[in-house]
1. Could you pull out the residue among 62, 150 that is among the hydrophobic types (A, V, I, L, M, F, W, C) and open to solvent by less than 50 Å² (accessible area, probe 1.4 Å)?
2. Return the residues of segment 75-124 that are outside any helix (DSSP H, G or I) and among the acidic types (Asp, Glu); say none if nothing qualifies.
3. Only one residue in 41, 52 is more than 27 Å from residue 151 (Cβ to Cβ) and touching a residue at least 60 places away in the same chain (Cβ under 8 Å). Which one?
4. For residue 137, state whether it is exposed (fewer than 14 other Cβ atoms within 10 Å of the Cβ), part of a loop (DSSP other than H, G, I, E, B) and modelled with pLDDT of 95 or more.
5. Among the residues of segment 27-73, count how many are among the hydroxyl-bearing types (Ser, Thr, Tyr) and modelled with pLDDT under 95.
6. Restricting to segment 57-86, name every residue that is more than 19 Å from residue 20 (Cα to Cα) and charged (D, E, K, R).
7. Being acidic (Asp, Glu), in a strand (DSSP E or B) and over 18 Å from residue 8 (Cα atoms) is true for just one of 163, 176. Which residue is that?
8. Can you name every residue in segment 79-101 that is surrounded by 15 or more Cβ atoms within 10 Å (Cβ to Cβ), out of contact with any Leu (no Cβ under 7 Å at 6 or more places or on another chain) and over 21 Å from residue 24 (Cα atoms)?
Amino acid sequence: MEFDAIVLAGGGSTRFGGVDKAMLVLDGVSFLDRVLTATARAVSTVVVGPVRTTYRDVSWTVEDPPSGGPVAGLAAGLQHGAAPIVVVVSCDLPWITDADVTALLEGIGAHDGHGLRDTDGQEQQLATAYRRTALAAAIRQVGDPRDKSVRRTLAGLDLIWTDPTHAGDDVDTWADLDN
């Protein structure tokens, strides 16, 4: 199944004291490159955030104005690519793999999206395969996407979720790396 990838990598990493989470290294590979490896089969990949060195070529964009939050990042990312399915991942998901992305794509069925749950059962809207049209419509409906809640923005979509998995665990604090 053809898909595009939107990788959100523009956050301020405030709980990390401003350290760039995208460039944190786990097992010798940056978080960003780990996510880019998981989405390597995408027809097009756009990273929303400042340009960094990565192991493969990708497109880059930023939300306008910068630091507008993840919904604004999604809006900016949707301006790239044309595949009917868009896999959205944040750069702080270092355990996601190509097999996880494949499972999301294969499981979407007639739904608007299929996403990962973390090991606590939390639904991860920023680790989900979406139908491009449904995602774009949800973002258009909120108007100005700056500083909007991801959960509220996407609440009207028909989403299904995996069983809890380590692949859905994001890294928000240093302690999260110990899990």
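The values are calculated or read from the model by the stated rules, or taken from the named source; none is laboratory data. It should be emphasised that the depicted structure is a prediction, and the values quoted were computed from it without experimental measurement. Here Cβ is always computed from backbone atoms with ideal geometry, including for glycine, and neighbour counts include all displayed protein chains. Areas reflect the complete protein model, heavy atoms only, side chains present, ligands, DNA and RNA absent. Shrake-Rupley method; radii C 1.70, N 1.55, O 1.52, S 1.80 Å.
1. 150
2. Once the filter is applied, which keeps residues that are outside any helix (DSSP H, G or I) and among the acidic types (Asp, Glu), segment 75-124 yields 92, 112, 118, 120, 123.
3. Working: 52 fails: touching a residue at least 60 places away in the same chain (Cβ under 8 Å).
The conditions single out 41.
4. On the way: exposed (fewer than 14 other Cβ atoms within 10 Å of the Cβ): yes; part of a loop (DSSP other than H, G, I, E, B): no; modelled with pLDDT of 95 or more: yes.
Spelling it out, it is not the case that residue 137 is exposed (fewer than 14 other Cβ atoms within 10 Å of the Cβ), part of a loop (DSSP other than H, G, I, E, B) and modelled with pLDDT of 95 or more.
5. Looking only at segment 27-73, we keep the residues that are among the hydroxyl-bearing types (Ser, Thr, Tyr), and these are 30, 37, 39, 44-45, 53-55, 59, 61, 67.
Pick out the ones that are also modelled with pLDDT under 95 and you get 67.
Adding up the residues that qualify gives 1.
6. Matches in segment 57-86: 57, 64.
7. Numbers: 176 fails: in a strand (DSSP E or B).
Going through 163, 176 in turn, the sole match is 163.
8. 80, 81, 83, 101
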